1. Being surrounded by fewer than 21 Cβ atoms within 10 Å (Cβ to Cβ), more than 10 Å from the chain's Cα centre (by Cα) and not hydrophobic (A, V, I, L, M, F, W, C) is the filter here; which residues of the stretch B:129-165 pass it?
2. Return the pair list, or none, for Cβ contacts closer than 8 Å from residues in the stretch B:142-163 that are under 12 Å from B:ALA82 (Cα atoms) to residues that are hydrophobic (A, V, I, L, M, F, W, C) and open to solvent by 30 Å² or more (accessible area, probe 1.4 Å), at least 6 apart or on different chains.
3. Criterion first (in contact (Cβ under 8 Å) with a residue 60 or more places away in the chain and either closer than 17 Å to B:VAL75 by Cβ or open to solvent by 30 Å² or more (accessible area, probe 1.4 Å) (or both)) does B:LEU96 satisfy it?
4. Have a look at B:ALA7, B:ALA14 and point out the one that is at the interface with chain A (Cβ under 8 Å from one of its Cβ atoms), among the small types (Gly, Ala, Ser) and surrounded by fewer than 19 Cβ atoms within 10 Å (Cβ to Cβ).
5. So which of A:LEU9, A:LEU24 is modelled with pLDDT of 95 or more, within 21 Å of B:LEU68 (Cβ to Cβ) and of a type outside the set (Gly, Ala, Ser)?
6. Among the residues of the stretch A:9-50, count how many are at the interface with another protein chain (Cβ under 10 Å from one of its Cβ atoms), touching a residue at least 60 places away in the same chain (Cβ under 8 Å) and either part of a loop (DSSP other than H, G, I, E, B) or on the phi > 0 side of the Ramachandran plot (or both).
7. Given the residues B:ARG106, B:ARG34, B:ARG114, B:ARG138, which is the only one that is closer than 20 Å to B:ALA14 by Cα and at pLDDT 95 or above?
8. Only one of B:VAL22, B:VAL78, B:VAL59 is more than 19 Å from A:VAL101 (Cβ to Cβ), at pLDDT 95 or above and open to solvent by less than 30 Å² (accessible area, probe 1.4 Å). Can you tell me which?
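The values are calculated or read from the model by the stated rules, or taken from the named source; none is laboratory data. All figures in this text were calculated on a predicted structure; none of them were measured in a lab. With ideal geometry, Cβ positions are generated from the backbone for all residues, glycine too; neighbour counts draw on all protein chains shown. With ligands, DNA and RNA removed, areas are computed over all heavy atoms of the protein, side chains included. Shrake-Rupley method; radii C 1.70, N 1.55, O 1.52, S 1.80 Å.
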Amino acid sequence: MLSTDTDILSAAQSWRRDGRAVALATVIETWGSAPRPVGSHLAVDGDGNFLGSVSGGCVEGAVITEALEVIEAGTPRVLEFGVADETAWRAGLSCGGRIRVFVERVD
Amino acid sequence: MRSDILAALNDERAARRAAILVTDIADGAQRLVRESDLAVDPLADVLAKHLASGKSGLVEADGRTLFLTVQVPPVRLVVVGAVHISQAMAPMAAGLDLALTVIDPRTAFATPERFPGIALVAEWPDAALGTTVPVLDRYCALAALTHDPKIDDPALKAALAAECFYVGALGSRKTHAARVARLTEAGFTPAQIGRIHAPIGLPIGAVSPAEIALAVLAEVVACLRRAPRSEVA
């Protein structure tokens, strides 16, 4: 695991300690030339501030939107991004890869 | 994720202990498995495999899809002896993501000119370890390369006591036999002494300093990756 990913977990913890709503997104599966490896994290707070990366910028916007919904609902969800889902998600991975991202709220 | 689980995961990392977060991706149910509890876990085999590789990933178990967030401390390599082999080893270690520290009390050897950009400590190993150099642990490899018992032995003793996943010592079989006698005299058990790789390095017929460095690093990687750490230790 990259040290930057572990720093993100520390940040998520300190955000939560400060009373901020926090969601954590984690890359759980990749196919093809996915830009970020399995285990990469993105932390999002209730205001949409974020730290880390699940795709090197390609789909972060969509992940953050979903993360805000997860913060509201409290139920984790699995997102899938890739060329095949471009029309559904409007945010495809231009590199031709596909990724699955698990998004959960930090309670 | 529960805050207490996140805090525990961060605590394990700060303490340089391995841990795996097991997440059921269907409902988000989670548990943290510390390395010390791994052997008695229902998923012990698959967790041990992931821990050895250091890779996170999805697994299927009892009809559930689980994501394993694998957290392994960064591996440190401590080399005793600012010698020619260590010079050759420095760029190779960097390429392997091994955080290298070179210790040698002989200031003629331990010069920044000979080791540009390398963490270099011109102190006796027993003085340096735990002070200038972070204390050794199971995610450290130690290679003693000076041939000089005054310098090598204290480092080897510290590495054995800390259960470093790799302990290697340069020297012929005759040199090593004398070393075994000294360590036995000092109270180390045959099992502990048997963990020292000597002659050092995989047997690839290495001749030049760079080839010996390669053989040593290959042996370090083998010890790190080939078996779960509990079996190596």
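1. Of everything in the stretch B:129-165, those that are surrounded by fewer than 21 Cβ atoms within 10 Å (Cβ to Cβ), more than 10 Å from the chain's Cα centre (by Cα) and not hydrophobic (A, V, I, L, M, F, W, C) turn out to be B:GLY130, B:THR131, B:THR132, B:PRO134, B:HIS147, B:ASP148, B:PRO149, B:LYS150, B:ASP153, B:PRO154, B:LYS157.
2. B:ILE151/B:TRP124
3. On the way: in contact (Cβ under 8 Å) with a residue 60 or more places away in the chain: yes; either closer than 17 Å to B:VAL75 by Cβ or open to solvent by 30 Å² or more (accessible area, probe 1.4 Å) (or both): yes.
Yes.
4. Details: B:ALA14 fails: at the interface with chain A (Cβ under 8 Å from one of its Cβ atoms).
Of the residues listed, the single one that is at the interface with chain A (Cβ under 8 Å from one of its Cβ atoms), among the small types (Gly, Ala, Ser) and surrounded by fewer than 19 Cβ atoms within 10 Å (Cβ to Cβ) is B:ALA7.
5. Working: A:LEU9 fails: modelled with pLDDT of 95 or more.
Result: A:LEU24 is the single residue among A:LEU9, A:LEU24 that is modelled with pLDDT of 95 or more, within 21 Å of B:LEU68 (Cβ to Cβ) and of a type outside the set (Gly, Ala, Ser).
6. Matching residues across the stretch A:9-50 total 0.
7. Working: B:ARG106 fails: closer than 20 Å to B:ALA14 by Cα; B:ARG114 fails: closer than 20 Å to B:ALA14 by Cα; B:ARG138 fails: at pLDDT 95 or above.
Going through B:ARG106, B:ARG34, B:ARG114, B:ARG138 in turn, just one is closer than 20 Å to B:ALA14 by Cα and at pLDDT 95 or above: B:ARG34.
8. B:VAL78 is the lone residue from the list that is more than 19 Å from A:VAL101 (Cβ to Cβ), at pLDDT 95 or above and open to solvent by less than 30 Å² (accessible area, probe 1.4 Å).
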